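The block underneath contains the structure these notes are about, expressed in structure tokens.
The values are calculated or read from the model by the stated rules, or taken from the named source; none is laboratory data. These numbers come from a predicted model, not from an experiment. Quick reminder, even Gly has a Cβ in these numbers, built from the backbone with ideal geometry, and neighbours come from all protein chains shown.
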Amino acid sequence: MEPNIAMNLFSFTGLLEKIVDEVSAGDRRKHEQKMKELSIIDNSNLRDEYVRQMLLDRFLVPIEKAQHEIQKTAMHAQWLAEAVNYYYHDHGLSKEQAKELATHLRTLAIKITQAESLHDLKFVYSVTTLFADRISTFKHKERKYSLEREIRKGILNPLSTCIATERNFKRRIDLSLSAEPQLPTR
């Protein structure tokens, strides 16, 4: 008799898609709020600056190290998908659950590689965090082999570093732009 009967009833069907939908709904609400704020701003200089900040937030500057880290996280998700297929029993998963979880991990790897902006990176980070939380019920007897820990160490931590790197780069751009001499307005 299997020790984790309750866990075997857990279904991964559509799990990643549900998480993506949840995070997308939150993003849509934030975007709608920003658009409302933009429509309220009367001063054209303030509006232009607000739009510039929104656009700057959409583009991930191709920082070589950050891009390399993003690719490494995608490779880690692929590796984890393969490992789950071999060691599923150690985590209390059935073979079918392992196959479905591996598919979700591969889909996550694709989403990671498609991140082209800071916004996309934050989105993938949110989805991955919620995904790790939802699969945390499957425990390995040794913490060092935990699925949740592997996702945190191999995916979330590097993505967090990329997000911080991009934010710092944006601050430098903002400082350099604010230091530029302003043309007199007539």
*Filter segment 125-142 for residues that are in contact (Cβ under 8 Å) with a residue 40 or more places away in the chain and in a helix (DSSP H, G or I); which is farthest from residue 80 (Cα to Cα)?*
126
*If you take the residues of segment 133-150 that are touching a Leu at 6+ places or on another chain (Cβ under 7 Å) and within 28 Å of residue 118 (Cα to Cα), which of them is modelled with the highest pLDDT?*
150
_Can you confirm whether residue 166 is modelled with pLDDT under 80 and in contact with a helix residue (DSSP H, G or I) (Cβ under 7 Å, 6 or more places away or on another chain)?_
yes
*Selected residue (criterion: modelled with the highest pLDDT) from residues of segment 12-70 that are surrounded by 13 or more Cβ atoms within 10 Å (Cβ to Cβ) and hydroxyl-bearing (Ser, Thr, Tyr)*: 24
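Do we find that residue 96 is in a helix (DSSP H, G or I), free of Cβ contacts under 8 Å to residues at least 12 places away in the same chain and farther than 15 Å from residue 156 by Cβ in this structure?
For residue 96, the condition - in a helix (DSSP H, G or I), free of Cβ contacts under 8 Å to residues at least 12 places away in the same chain and farther than 15 Å from residue 156 by Cβ - is met.
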*asked:* As an exercise: evaluate residue 106 against (1) modelled with pLDDT of 90 or more; (2) farther than 14 Å from residue 124 by Cα and give the number of the one condition it does not meet.
replied: (2)
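So that you can scan it fast, the table gives a plain yes or no per residue for (1) over 26 Å from residue 25 (Cβ atoms); (2) of a type outside the set (D, E, K, R); (3) buried (at least 18 other Cβ atoms within 10 Å of the Cβ); (4) at pLDDT below 80:
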residue	(1), (2), (3), (4)
90	yes, no, no, no
114	no, yes, no, no
120	no, no, no, no
152	no, no, no, no
176	yes, yes, no, yes
*Is at least one residue of segment 129-145 among the hydroxyl-bearing types (Ser, Thr, Tyr) and surrounded by 19 or more Cβ atoms within 10 Å (Cβ to Cβ)?*
no
